[in-house]
Amino acid sequence: MKLASLKNDSRDGLLVVVSKDLAKCVAVPEVAQTMQYALDNWDNVEPQLNEVYVALNNGELTQEMAFDQSLCESPLPRAYQWADGSAYVNHVELVRKARGAEMPPSFWTDPLMYQGGSDAFIAPRDDIPVVSEEWGIDFEGEVAVVTGDVPMGVSVENAAKSIRLLMLVNDVSLRGLIPNELGKGFGFFQSKPSSVFSPVAVTPDELGADWDGGKVNLPLLSFYNNQPFGCPNAGVDMTFEFPELIAHAAKSRPLSAGAIIGSGTVSNKQGTEYGTAISEGGVGYSCIAEVRMIETIRDGSPSTSFMKFGDRIKMEMLNQSGESIFGSIDQQVVKYA
């Protein structure tokens, strides 16, 4: 099943069921007005939404309308929880190696995770406003899951049962602000502005065999200024799968329905020490920082710049038939006025 939230006069958007081909949608106010309501009442609402989904795909509805991704909010325009992990330890290893720091062995057994701002996500086709290019503007391509209620201390096995939806993420990062923040020993805040999620969220069964219960085994495509930038496979080199990330987040507190857990930047080693750019025959990367880290390791200093005002980033994931699963994140960076 595919779901989205259309922009309206409310903060939380209007829930719509979206057809498999992303061509049509239908509002279901009699079932659920918002995505959060659906998640809060999932056991009762999900079967009704799925009935609508089947009927929509079969052409049995008369109240359907064209689905326009530019009219979408992020599936959850705001959320009770947004916690982002760093499941691709290759990415973490590169970050530390570029600055000459050894990676603690525990990073391979205990996930990194930070709590992001979840009160104001950016819509997937809206501009990304930033005050200054000097802040080191970067994108990060990720996958995320949305959970139902998760009890504190949940097991990994039961955490897997809590996954309701999947989305793509652009975890916008301001790299120039990160060193001073981390230097204080209190984590990210200013360096992690509002994140962006794909127009459509899908139930795990929508992915078929490409969802194995813990990860999505498909490439995440990134296009930077209309040029292919990365296509690493989200199911490769994922040290911590989503049930492990959920269990980590819920170790000392419960998670409420609608909690979003991110994978961190999708990163593949590709059989090499650092990975390889698409221009060199590899699968590329999901953020500019990773390219700069490799340049630093190889050449002593980075040569690729971070994003400038007017730059565009597009992210998408296709199924085995080449059809878009989540729709696309497609945004331009602009100067905040």
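The values are calculated or read from the model by the stated rules, or taken from the named source; none is laboratory data. Worth saying up front: this structure is predicted, and the values here are computed from it rather than measured. Backbone-built Cβ (ideal geometry, glycine too); neighbour counts: all protein chains shown. Only protein heavy atoms, including side chains, enter the accessible area calculation; ligands, DNA and RNA are left aside. Shrake-Rupley method; radii C 1.70, N 1.55, O 1.52, S 1.80 Å.
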Please go through (1) open to solvent by 20 Å² or more (accessible area, probe 1.4 Å); (2) in contact (Cβ under 8 Å) with a residue 24 or more places away in the chain; (3) over 22 Å from Y80 (Cα atoms) for E273 and return the number of the only condition it doesn't satisfy. (2)
Only one of these is farther than 27 Å from S256 by Cβ and of a type in the set (A, V, I, L, M): M35, M65. Name it. M65
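Which members of segment 194-230 meet the condition of being charged (D, E, K, R) and farther than 27 Å from G282 by Cβ?
Narrowing segment 194-230 to residues charged (D, E, K, R): 205-206, 210, 212, 215.
Correct list: D205, E206.
Looking at the structure I just gave you, is N50 under 17 Å from D21 (Cα atoms), among the polar types (S, T, N, Q) and in contact (Cβ under 8 Å) with a residue 40 or more places away in the chain? Step through it out loud before you land on a result.
Details: under 17 Å from D21 (Cα atoms): yes; among the polar types (S, T, N, Q): yes; in contact (Cβ under 8 Å) with a residue 40 or more places away in the chain: yes.
Criteria met by N50.
Looking at segment 171-206 only, could you name the residues that are farther than 18 Å from S263 by Cβ and in a loop (DSSP other than H, G, I, E, B)?
K184, G185, F186, G187, F189, Q190, S191, P193, S194, P199
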Here is a check on your reading of the model: is L39 touching a strand residue (DSSP E or B) at 6+ places or on another chain (Cβ under 7 Å), touching a residue at least 60 places away in the same chain (Cβ under 8 Å) and of a type in the set (A, V, I, L, M, F, W, C)? yes
Quick one: is E280 more than 16 Å from the chain's Cα centre (by Cα), open to solvent by 60 Å² or more (accessible area, probe 1.4 Å) and without any contact (Cβ under 8 Å) to a residue 24 or more places away in the chain? yes
Does segment 239-251 include one or more residues that are buried (at least 23 other Cβ atoms within 10 Å of the Cβ) and not hydrophobic (A, V, I, L, M, F, W, C)? yes
Only strands (runs of 3 or more DSSP E) wholly contained in segment 69-143 count here; list those with 2 or more residues that are farther than 30 Å from T272 by Cβ and open to solvent by less than 20 Å² (accessible area, probe 1.4 Å). 82-85, 128-130
I'd like to check something: does segment 244-254 contain any residue that is in contact with a helix residue (DSSP H, G or I) (Cβ under 8 Å, 6 or more places away or on another chain) and among the polar types (S, T, N, Q)? no
Are any residues in segment 147-165 in contact with a strand residue (DSSP E or B) (Cβ under 6 Å, 6 or more places away or on another chain) and either part of a loop (DSSP other than H, G, I, E, B) or surrounded by 24 or more Cβ atoms within 10 Å (Cβ to Cβ) (or both), and if so, which ones? T147, G148, V150, S162, L165
Residues that are touching a Phe, Trp or Tyr at 6+ places or on another chain (Cβ under 7 Å) and either at pLDDT 90 or above or not assigned by the TED database to the domain that holds A160 (or both), drawn from segment 264-277: G264, T265, V266, S267
Looking at segment 207-217, which of its residues are open to solvent by 10 Å² or more (accessible area, probe 1.4 Å) and part of a strand (DSSP E or B)? W211
